[in-house]
1. Would you say residue 84 is closer than 22 Å to residue 27 by Cβ, at pLDDT 90 or above and not in a helix (DSSP H, G or I)?
2. So which residues in the stretch 120-157 are of a type in the set (Gly, Ala, Ser) and surrounded by 16 or more Cβ atoms within 10 Å (Cβ to Cβ)?
3. Yes or no: residue 50 in contact with a Pro (Cβ under 8 Å, 6 or more places away or on another chain), modelled with pLDDT of 95 or more and closer than 25 Å to residue 114 by Cα?
4. From 126, 70, 102, grab the single residue that is touching a His at 6+ places or on another chain (Cβ under 9 Å) and of a type outside the set (Lys, Arg).
5. Those residues that are over 14 Å from the mean Cα position of the chain (by Cα) and farther than 17 Å from residue 6 by Cβ, I need them from the stretch 127-143; list them, please.
6. Of (1) out of contact with any helix residue (DSSP H, G or I) (no Cβ under 8 Å at 6 or more places or on another chain); (2) under 26 Å from residue 126 (Cβ atoms); (3) acidic (Asp, Glu), residue 20 satisfies all except one. Which?
7. Among 36, 48, which is touching a residue at least 24 places away in the same chain (Cβ under 8 Å), farther than 24 Å from residue 125 by Cβ, buried (at least 22 other Cβ atoms within 10 Å of the Cβ) and in contact with a helix residue (DSSP H, G or I) (Cβ under 6 Å, 6 or more places away or on another chain)?
8. Which of the residues spanning the stretch 93-126 are in contact (Cβ under 8 Å) with a residue 12 or more places away in the chain, of a type outside the set (Gly, Ala, Ser) and in a loop (DSSP other than H, G, I, E, B)?
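The values are calculated or read from the model by the stated rules, or taken from the named source; none is laboratory data. Here the structure is a predicted model, which means the values were calculated and not measured. A quick note on method: Cβ atoms are made from the backbone with ideal geometry, for glycine too, and the neighbour counts reach across all protein chains shown.
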Amino acid sequence: IFYKLGQYNKSLTYLNDAYEMESSEWEILLLLGANFAELGHYDEALQFLEKSYHYHQNLETLSMIGYVQALAGRNDRANQVIKQIESESESKGGEHDSLNLALIHLAMGKKDQAYDLLEEAYDRRAMLIGISFDPRWRSLRSEDKFKELIQTVNGTSEPL
């Protein structure tokens, strides 16, 4: 909850306690990484995220790794994560995860691609409700295009 409210240090206090009790729980590691990323401590964030991915290989953690790599200015590594996500999705016969790819593109400064992927995610009926309060999307919140997307997701306007 503190993460969503932007209270990252307070969130870290509770997460560190949880980490001391269970240092191999991938979700705790993921949340530690997310909080450190929002504080701008990218190397620390990546340490926790990579450890999380080691314990439980999943798309959510992998996309966070790509997101943090992009925030840290390591777009080559972020692009490698994008390719890995696309490759894993193809190998499983599924569609790629547009929402997570949009997040990585946003962190790389590629807003147009991020919006295209968000619209694709909406068209695929992805769960977009969380983007209205997820801190990773805050750079778009003041933009009309993002506000329109949120209204569409919430059912208060016509579809995109």
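1. Values: closer than 22 Å to residue 27 by Cβ: yes; at pLDDT 90 or above: yes; not in a helix (DSSP H, G or I): no.
Judged against the criteria, residue 84 is not a match.
2. 121, 126
3. On the way: in contact with a Pro (Cβ under 8 Å, 6 or more places away or on another chain): no; modelled with pLDDT of 95 or more: yes; closer than 25 Å to residue 114 by Cα: yes.
It is false that residue 50 is in contact with a Pro (Cβ under 8 Å, 6 or more places away or on another chain), modelled with pLDDT of 95 or more and closer than 25 Å to residue 114 by Cα.
4. Values: 126 fails: touching a His at 6+ places or on another chain (Cβ under 9 Å); 102 fails: touching a His at 6+ places or on another chain (Cβ under 9 Å).
Exactly one residue qualifies, and that residue is 70.
5. 143
6. The number of the failed condition is (2).
7. 36
8. Within the stretch 93-126, 95, 97, 108, 124 meet the criteria.
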